[in-house]
Every structure is written in C-alpha cells, then in structure tokens.
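Quick note: the coordinates plus some simple rules give every number you see, no bench work behind them. This one's a predicted model, so the numbers in the text were calculated from it and none came from an experiment. Positions of Cβ are generated from backbone atoms using ideal geometry, with glycine treated the same way; all protein chains shown enter the neighbour counts.
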Amino acid sequence: MSATGRRQAAFFDLDKTIIAKSSALAFNRKFQAGGLISRRVMLRGAYAQFMYLVGGADHDQMEKLRAFMSELVKGWPVATVQDIVRDTLHNIVDPMVYDEAVSLIEEHHAAGRDVIIVSTSGAELVEPIGTMLGADHVVATRLKVEDGKYTGDIEYYAYGPHKASAVRQLAEERGYDLTQCYAYSDSITDAPMLGAVGHGYAVNPDKELRKLAIKEGWPVLVFSKPVALQRRMNLPPAKPTLAALAVGGAVALGGAIVVNHRRNRTV
C-alpha cells in the first residue's frame, strides 16, 4: 500500500528485461529441427534475433519480417499451439530468465505489490511465462482467431503507447497509485509505460532509452545473469517435450507473434 492507502504494482516488460532473448524467436532452432522450416528460414530468424539483441532493427526490417511470419502462422490451430507451448516452455525459456529480474519480482511481492508482465509478444507465450514466474497478471498481444485457427491479424496490440494505456486502465480497475508504482523495460518503445509510473527503470537499455533515462532521471539497471528458474523458485516439474514436429508448431506462432506486432517502432 502507498501512503494514500492505495495498492501498488510493478510492471515488467518481458524480452531483455525478464528474459535474455526474444521469448518468441527463442524457439527457432526447435522449429528447424522439426523440419517445418528450411535452414534458410531458421537463419533468417536467427538474424532477427541478433538485430533485436543489439537494438539495430529498424521499422522497415521488422515490417518485412512481420509480413513473412504472418503468412507462416496463418491457419495454425490455437489449441495445438497452446499445448505445445505449455509442454516446451520450461526447456526453452527457463534457462534464459535473468536472476536479477527474479530477485526484483520476489522483492516486489514481498513488499505487497502486484507483479504484472506487459509484453508485445503473444498471449499464448506470455501467459504461461507469467504463470511460471508467479506474476499476478499479464498484458500481451492477442492474435485474431477464426474457427479455432489464427488468421495472422492482430486483435489487440500490446506495443508502445498501448502498454501505457493498459497500465493506466489496470490502475483504474485495481486502484493502483501510479505515482508509487514501478516499471521496467529495455526499449525506447516502452518509454510511455516508464513515464506512466512514479518509478521507471531502464533495464539493459537500447541507446535511445539510455539517453532518455538520463534526461528523465530513470535509474539504469544491468541484468547479466541468466539462471535456471527451477533453481530459484519452487516450480512444478517441467513436462517432457513433444515430438520434434509438434515443437516446430510453437515456433511458427512464436516468430509470427514477435514480428507481427512490432509495428511502428516509434514512441
């Protein structure tokens, strides 16, 4: 509770803030191993991952990749994708979680604050990750579904200013005192979210966010210690992975989610 008696929350971006890579593109190697994409396509995803990590992918590059992956994901059954992500999540994402982020999540919970993940990646990926981390709520991009299958279109886009709007809406619905809330992100596109709370933090920031953080007085944090989450938290045992073919299906959705929704990379 804040001094006014209102609730508090900590809002976390996911990729490069809680986990060390893109949550969606991390599945590319499994996708290629399942034989559902060629080595050329897998390498294209690896290139996108590299550009994402160094912060050099511009709007045009992301838009081309978005269009390509949008076609790839179209028609995948929602139920199948959800099952695959659930069965492979621990093996793919667990080792990439930042130890520093886990500590922050634990500290905020200990202080009585809700922990909320706000991510541009798709809900099918972010919601299980949120459960794995003990988050109280998740805001994520949602893909349009017709007849139980993805169309490749966007129903809700959790990106840039939309993240800040989601934070404000949650504050209104749940009674958060935003002046006493916290937010963490690595990307300049999340500047509106960081500015929506009283305590914004730049985590492993890209160049533009680092400049803005200095201007706004936001502390800069460096997370550098990926850790196996099961060593840090009391988690249920991971399910065995499905056959390689099934694993590949999750990657198709994952890649599409991350590139299909990084449109208009402006604040």
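Cross-link list Lys163/Lys225; Lys163/Lys215; Lys16/Lys207; Lys21/Lys211; Lys16/Lys163: which exceed 19 angstrom alpha carbon to alpha carbon? Write down the numbers at each step before the final one.
Working: Lys163/Lys225 26 Å; Lys163/Lys215 21 Å; Lys16/Lys207 14 Å; Lys21/Lys211 22 Å; Lys16/Lys163 16 Å.
Beyond 19 Å between Cα atoms: Lys163/Lys225; Lys163/Lys215; Lys21/Lys211.
I'd like the FRET efficiency for Ser103 and Tyr157, computed as 1/(1 + (r/R0)^6) with the beta carbon distance as r and R0 of 22 Å, rounded to 0.05.
Working: r = 31 Å, r/R0 = 1.39.
Plugging the Cβ-Cβ distance into 1/(1 + (r/R0)^6) gives 0.10.
After finding the eigenvalues of the alpha carbon gyration tensor for region 105-213, what semi-axes result from the square roots of 5 times each, listed largest first in whole Å? Kindly include the intermediate steps, with their values, before the conclusion.
Details: eigenvalues 116, 62, 36 Å².
For region 105-213, the ellipsoid semi-axes come out as 24, 18, 13 Å.
Give, in nm to one decimal, the length gained when the segment between Lys207 and Asp147 is fully stretched (0.36 nm per residue of separation minus the Cα-Cα distance).
Working: separation 60, 0.36 × 60 = 21.60 nm, distance 4.28 nm.
Between Lys207 and Asp147, full extension yields an extra 17.3 nm.
Taking the Cα-to-Cβ direction at Glu172 and at Lys225 and moving 7 Å from each Cα, how far apart do the two end points lie in nm?
It works out to 4.1 nm between the two label points.
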